[in-house]
Amino acid sequence: MRNKFDEQLSRLNHEMIEMGALCEEVIARASRALTENDKGLAASIAPLDSEIDQKERDIENLCLKLLLQQQPVARDLRQISAALKMITDMERIGDQAEDIAEIIGFLRGHQSEDNDLLREMARATIRMVTESVDAYVKCDTILAEQVIAADDAVDDYFTQVKERLIGRIAQDPAVGEYALDLLMIAKYFERIGDHATNIAEWVIFSVTGVHKGEEK
Amino acid sequence: MTKKIFRSILTAGVTVLICSVLLVMGCFYSFFETMQERQLGDELSIAAAAVELDGTVYLEKVKSDRFRVTLIAADGTVLYDTRTDAASMENHLEREEVREAIESGSGISSRYSATLLQKTIYSALRLGDGTVLRISASRATMGALLLGALQPILLVVLLMLGLSGVLASRLSKRIVEPLNALDLEHPLENDAYEELSPLLRRIDRQRRQIDAQLAELRQKTDEFTQITAGMNEGLVLLDDKGVVLSINPAAQMLFGVTGACVGQDFLTVDRERSMSLALRMAMTDGHSEVRAERSGREYQFDLSRIESDGKVVGAVLLAFDMTAQAFAESRRREFTANVSHELKTPLQGIIGSAELLENGMVKSEDIPRFVGHIRAEAQRLVTLIGDIIRLSELDEGGELPAETVELLPLAQEAAENLRTAAEQKNVRITVSGESVSMVGVRRLLYEVIYNLCDNAIKYNVDGGRVELRVAAEGENARLTVRDTGIGIPSEHQGRVFERFYRVDKSHSKESGGTGLGLSIVKHAAAYHHGTVTLKSEVGRGTEITVRLPRGIQEP
């Protein structure tokens, strides 16, 4: 009985890492599609997103089965409930990457210096996602804390992008639509950062049993 | 064990108890029975004598609880009974003892009471007048006796239970304690009871066997670890579920993990999608390859399934560092593209001019110019192909005839051959230095000097100067070519020795170079185990120094 439980738990772990890797891939592709303005790459994101959705359902099923059949306690219970929460965030990351890809389709090959800042922002966000998955893989709470701290930097980037775009519209109202598209992309990256923060918080919960949100 | 011992002791005890109780009962019971019968007979004869004398009067005097005396007429009618009213009693003729007494003078019989707990013994005697006197006494049966003895027996059983428990636990402790205290590392040195020695000998044999096998196994693991540790390629062994069984240092460095990942899912080592897909493919199809970048270098990962008896037992992952090869490949691609481009340019000029001539579009007085153009382009092509051939010769690395070469006359010869070209560009070329001789390939050394001077002239300014100096420098010969030309920007200085590399990206024809000159210089110097150094400043000029080992001792 216990053996089967362990086996299912390690399968859950396996699936979680795979889903995390999918998220990393999807956001990396979105960012590359943005900087290289590669429509083909942007189009390749949608199938990956549906794969992420499928993974979410699989993991959800597995978690519920584990909860019902094995009635886990203590650390195992925390791991499973944290996994249930994390997949929601991961799934949202996938959706937002797909949204970014969709907007890239509307950009019509505009290139400007705003992209540099956006690229920096994308890089910071990708790092957050990668490190949050790393923190899960290694059960590393210190790394998870770093991810949570890094969210402020991404938020700053968003403010900077916003201010720069306001300036651009003031100079030339004709770029309004383009600027708004870029703002949307920046917002999505910012949201992805928030989801990575959530994942990191759940990693801390699953290791220590204390959720960041309830400490205060 | 204690339970088993307890049970056997108890069984033995109970069996002995039951046997002895039965035996004792049997013996005593029959003894008492005979005694009682004899007593009864005695009493009967006394009573009979008395009855013959006094008749029933005597009987009425008998007052006893233990005895019951009955007088029965010859026809079976009860005449008197000490306990019951004789009239109410039935005819006793059919009673066994009565009948016996009537027939043979005396009779005896016994009957159990309804409860079986009592037994009544009847003894009868025929008197002189034909009546029968019967006396009876009751006594407890065996069952009743046993019932009476039940309490003490139970007490004994309880005692037995307690005793067996104590004995059993003590015995098992005595058996087990030495077993627990056995030193299994040195089985033969134990001081246990002798029944254990066959076991100890067997343990000893087995232990030696295990030691030998362990040593062998360890040696094999050591060999494996040493071999894999020395490998440049990354090697990871996985089981059928993708758990890392072994990972060598090269692979640990490549994936940025430590040996602690052994026993963990391979996903914790590397979770990139292309890798997971490749692993899945290897597990299903038997083999897969993936090329990916890890920690800044490019790797080729070969994944193969491992099977044993038709069952998948795991996978092996081999990682080859392809960085150098990838670089070389890109260089080769660039070179091929360059060669094709360089070869095509003059040919297009030739074809263009030839077409114009063919269609008669050229005025007759212009024909020599066009033909001259065709010739010049063809010449350029020949030069280019010559350069490529020389380079590929140097690439082949074959041995060329070496001889003692005087460098100064060689330099003068090269300068002389370039004089016309120099004059066209209004560049003055001077050769100075001492007489230096070295062992080398004359043709290659000439190429070095010629190409350096040629470049110095080509990329010079109007009215510029080229200084060619030859000097001995210890074991080396030093060739220096300095010009007052346009110079090479510092960001290009590292690459000018590459084939077809040009500072001026437009590949302009006006300088007339092939882009291979410095490459030939570098290769020719390398062939002689020499070095080439470059010093240059934009707008001020370039100085290239070639140092070549002379390969001969000064006399």
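Among B:420, B:430, which is the only one that is of a type outside the set (A, V, I, L, M) and modelled with pLDDT of 85 or more?
Of B:420, B:430, the one residue that is of a type outside the set (A, V, I, L, M) and modelled with pLDDT of 85 or more is B:430.
Here is a check on your reading of the model: is residue B:279 within 14 Å of another protein chain (Cβ to nearest Cβ), surrounded by 13 or more Cβ atoms within 10 Å (Cβ to Cβ) and either modelled with pLDDT of 85 or more or under 20 Å from the mean Cα position of the chain (by Cα) (or both)?
Numbers: within 14 Å of another protein chain (Cβ to nearest Cβ): yes; surrounded by 13 or more Cβ atoms within 10 Å (Cβ to Cβ): yes; either modelled with pLDDT of 85 or more or under 20 Å from the mean Cα position of the chain (by Cα) (or both): yes.
Yes: the conditions hold for residue B:279.
Can you name the residue in segment B:19-48 that is surrounded by 13 or more Cβ atoms within 10 Å (Cβ to Cβ), among the hydrophobic types (A, V, I, L, M, F, W, C) and within 22 Å of residue B:72 (Cβ to Cβ) and is also farthest from the chain's Cα centre (by Cα) among such residues?
That would be B:48.
Hey, any hits in segment B:399-412 for a residue that's in a strand (DSSP E or B), closer than 19 Å to residue B:516 by Cα and out of contact with any Pro (no Cβ under 6 Å at 6 or more places or on another chain)? Show your work before the answer.
At the first step, the residues of segment B:399-412 found to be in a strand (DSSP E or B) are B:403-406.
Retained after the next criterion (residues that are closer than 19 Å to residue B:516 by Cα): none.
No - not one qualifying residue is present in segment B:399-412.
In the same structural domain as residue B:134 (by TED's automatic domain parsing) and within 22 Å of residue B:128 (Cα to Cα), is that true of residue B:43?
Spelling it out, residue B:43 is indeed in the same structural domain as residue B:134 (by TED's automatic domain parsing) and within 22 Å of residue B:128 (Cα to Cα).
State yes or no: is residue B:365 part of a helix (DSSP H, G or I) and exposed (fewer than 12 other Cβ atoms within 10 Å of the Cβ)?
yes
For (1) closer than 18 Å to residue B:48 by Cα; (2) free of Cβ contacts under 8 Å to residues at least 40 places away in the same chain, each residue gets a yes or a no:
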position: B:61; (1), (2): yes, yes
position: B:66; (1), (2): yes, no
position: B:71; (1), (2): yes, no
position: B:102; (1), (2): yes, yes
position: B:108; (1), (2): yes, no
position: B:133; (1), (2): yes, no
position: B:139; (1), (2): no, no
position: B:144; (1), (2): no, yes
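In this structure, is residue B:539 at pLDDT 75 or above and assigned to a loop (DSSP other than H, G, I, E, B)?
yes
Take the residues in segment B:206-234 that are out of contact with any strand residue (DSSP E or B) (no Cβ under 6 Å at 6 or more places or on another chain) and closer than 17 Å to residue B:301 by Cα; name whichever of them is surrounded by the most Cβ atoms within 10 Å (Cβ to Cβ).
Step one: of segment B:206-234, the residues out of contact with any strand residue (DSSP E or B) (no Cβ under 6 Å at 6 or more places or on another chain) are B:206-227, B:229-232.
Filter again for closer than 17 Å to residue B:301 by Cα, leaving B:231-232.
Numbers: B:231: 15, B:232: 9.
The extreme case among them is B:231.
Among A:165, A:117, which is the only one that is among the aliphatic types (A, V, I, L, M), surrounded by 16 or more Cβ atoms within 10 Å (Cβ to Cβ), over 20 Å from the mean Cα position of the chain (by Cα) and farther than 30 Å from residue B:262 by Cα?
Sole residue among the options that is among the aliphatic types (A, V, I, L, M), surrounded by 16 or more Cβ atoms within 10 Å (Cβ to Cβ), over 20 Å from the mean Cα position of the chain (by Cα) and farther than 30 Å from residue B:262 by Cα: A:165.
Take residue B:326 and tell me if it is within 37 Å of the chain's Cα centre (by Cα) and closer than 24 Å to residue B:247 by Cα. Lay out the reasoning, then the answer.
Working: within 37 Å of the chain's Cα centre (by Cα): yes; closer than 24 Å to residue B:247 by Cα: no.
In short, no.
Which condition from (1) exposed (fewer than 14 other Cβ atoms within 10 Å of the Cβ); (2) at pLDDT 80 or above; (3) in contact with a helix residue (DSSP H, G or I) (Cβ under 6 Å, 6 or more places away or on another chain) is the one that residue B:16 breaks?
Of (1) exposed (fewer than 14 other Cβ atoms within 10 Å of the Cβ); (2) at pLDDT 80 or above; (3) in contact with a helix residue (DSSP H, G or I) (Cβ under 6 Å, 6 or more places away or on another chain), only one is false for residue B:16: (3).
The values are calculated or read from the model by the stated rules, or taken from the named source; none is laboratory data. Everything numeric here is computed off the predicted structure, so don't read it as measured data. With ideal geometry, Cβ positions are generated from the backbone for all residues, glycine too; neighbour counts draw on all protein chains shown.
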